[in-house]
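Undergrad: Could you have a look at this structure, given as structure tokens, before my questions?
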Amino acid sequence: MSAEQFITIKKGDATTLTETVTGLVTASGYTAKLYVYDADGTVILTVTGTVSTLTITYQIENEDTKGLTTGAYAYESKLFDTSDHVYSQSDGIFEIRSTNEEDPS
């Protein structure tokens, strides 16, 4: 069973999300992905996570958030093994907020 979350990031910002794995003794050997969906259910962003024993770390880059329109999206994170088993870890709202400062470069 997945845990519902609310993630907020400012447009153009980078962040690191860490998630604790549930439902498994270890996540070693699994692949983790975080999917962000638009209102039509189309995947608009996929982030591959780094998996350790019972945690997943997702690095969301500023280029990822620059490409998204300000607003609220749906997201979910999943773990996959080589036998095609899928474990949903979390889902909820992925919000991109506006920023008052632009990238100075």
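Undergrad: Label Leu24 and Ser88 with points 7 Å out from Cα along Cα→Cβ: what is the distance between them in nm?
TA: In this crude label model, Leu24 to Ser88 measures out at 1.7 nm.
Undergrad: Identify which of Thr53, Thr16, Thr65 has the largest mean-square fluctuation in a Gaussian network model of the chain, with springs joining Cα atoms closer than 10 Å.
TA: Answer for the Gaussian network model of the chain: Thr16.
Undergrad: Here are labelled values, [x] 62; [y] 52; [z] 69, and one is the computed percent of Cα pairs over 17 Å apart for what I pasted. Which one?
TA: Checking each listed value against the structure points to [y].
Undergrad: What is the local net charge at Leu34, summed over the other residues whose Cβ is closer than 13 Å to its Cβ (Lys, Arg +1; Asp, Glu -1)?
TA: Net charge in that neighbourhood comes out at -3.
Undergrad: For Thr50 and Glu4, compute 0.36 nm times the residue count separating them, minus their Cα-Cα distance, and round to one decimal in nm.
TA: 14.5 nm
Undergrad: Quick one: which residues, 5 or more positions from Lys10 or on another chain, have an amide H under 5 Å from its amide H? H modelled 1.01 Å from N in the peptide plane, none for Pro or chain starts.
TA: For Lys10, the qualifying residues are Arg97.
Undergrad: Right, next: List the lysines whose Cα sits under 19 Å from the Cα of Lys78, skipping any in the same chain fewer than 8 residues away.
TA: Lys33
Undergrad: Return the calculated 222 nm mean residue ellipticity for the chain, to the nearest 500 deg cm²/dmol, obtained by summing -39500 (n - 2.57) across DSSP H runs with n ≥ 4 and dividing by the residue count.
TA: The helix-only estimate for the chain comes to -1000 deg cm²/dmol at 222 nm.
Undergrad: Taking the beta-carbon count within 10 Å as an exposure proxy, list Phe80, Phe94, Phe6 from fewest neighbours to most.
TA: The fewest-first ordering by Cβ neighbours comes to Phe6, Phe80, Phe94.
Each reported figure results from applying straightforward, stated rules to the coordinates on display, with no laboratory input. Everything numeric here is computed off the predicted structure, so don't read it as measured data. Reconstructed Cβ throughout: ideal geometry from the backbone, glycine too, with neighbour counts over all protein chains shown.
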